[in-house]
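See structure below.
Rule-based calculations on the coordinates, nothing more; no lab input. On a predicted model such as this, the values are computed, not experimentally measured, just so you know. Backbone-built Cβ (ideal geometry, glycine too); neighbour counts: all protein chains shown.
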Amino acid sequence: MEISSRQRKIISIVKNNQPITSERIADTLNLSRAALRSDLAVLTMAGILNAKPKVGYVYTGKTSASSIIAYLQNTKIKDIKAEATVVDENTSIYDAIVNLFLEDVGTLFIVKDGFLTGVVSRKDLLKSAMGNTDINRVPVGIVMTRMPNIVTVYDDSTVIEAAKKILEREVDSLPVVEKIKDKSGTENYRVVGKVSKTTITKFFVKLCDMVEGKHEDK
């Protein structure tokens with residue numbers, strides 16, 4: 001992460017006057033608060049500055065590189081996850097293919113009684129459609145990858161953990177699940193989202209934009 005000259009001035013102002021509000025920082029630099037939003041967002045995101053509600057900004061003493069690494073290691077899946085496309089395992093392969101294209105996704109998560117039982121990819125469905133399978137009659141549960149051979153992540157998993165699992169297992173998407181135990185103590189998994197290569201790519205692009213000062217607070 002490269003610190004711009006204006007960001008260095010902001011750090012210096014905060015160091016010498018902390019805690020200090022964004023209004024005072026803007027006045028010192030003879031700028032508007034709006035003009036400083038992206039700089040303050042980057043410095044706060046990087047952990048160089050800390051924003052204290054009703055108090056102002058303080059300097060943490062951290063370096064930019066170590067702060068970015070810490071940010072990546074601590075960003076949780078719940079902060080970036082997307083909505084998962086879920087179908088029942090009795091859904092026909094044909095209807096599963098229709099869902100795949102209507103939702104514009106590469107992976108469907110299969111459930112029974114509301115709990116995760118399998119995953120089916122675009123490749124799995126393509127193989128079925130090209131073979132001798134009667135896709136209008138055969139349920140998607142026949143061609144899916146079943147539990148426990150499914151890699152999952154949780155809301156409190158980190159982005160780095162998810163990225164490593166996607167690379168190691170060479171899959172496009174992982175289900176984000178919550179673990180639920182029934183009365184007998186059996187563990188079931190409810191799908192609460194997904195994280196995919198696209199999701200993680202969007203996260204890194206946004207992070208790069210923030211580092212470069214292109215991010216704007218809304």
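A simple spin-label model places pseudo-atoms 7 Å from Cα toward Cβ; at LYS123 and ARG137 they are separated by 2.9 nm. When the chain is treated as a Gaussian network with alpha carbon springs shorter than 10 Å, the biggest mean-square fluctuation among GLY131, GLY114, GLY185 belongs to GLY185. Can you tell which of LEU108, SER173, SER92 lies farthest toward the positive end of the dipole of the chain, using +1 and -1 charges on the Cβ of basic and acidic side chains (Lys, Arg; Asp, Glu)? Farthest along the dipole direction, towards plus: SER173. The C-alpha atoms of the range 101-218 occupy a region whose extents along the principal axes are 53, 42, 29 Å, arranged from largest to smallest. Bridgeable lysines around LYS9 (alpha carbons under 22 Å apart, same-chain partners fewer than 8 residues away excluded): LYS52, LYS62, LYS214. In this calculation the C-beta distance from LYS54 to THR201 is compared with R0 = 35 Å, giving a FRET efficiency of 0.45. Pairs of alpha-carbon atoms within less than 8 angstrom and 6+ residues apart define the contacts here; what relative contact order does the chain have, in percent? Relative contact order of the chain: 20 percent. Around the Cα centre of the range 72-218, unit charges on the Cβ atoms of Lys, Arg, Asp and Glu (plus for the first two, minus for the last two) sum to a dipole of about 260 debye.
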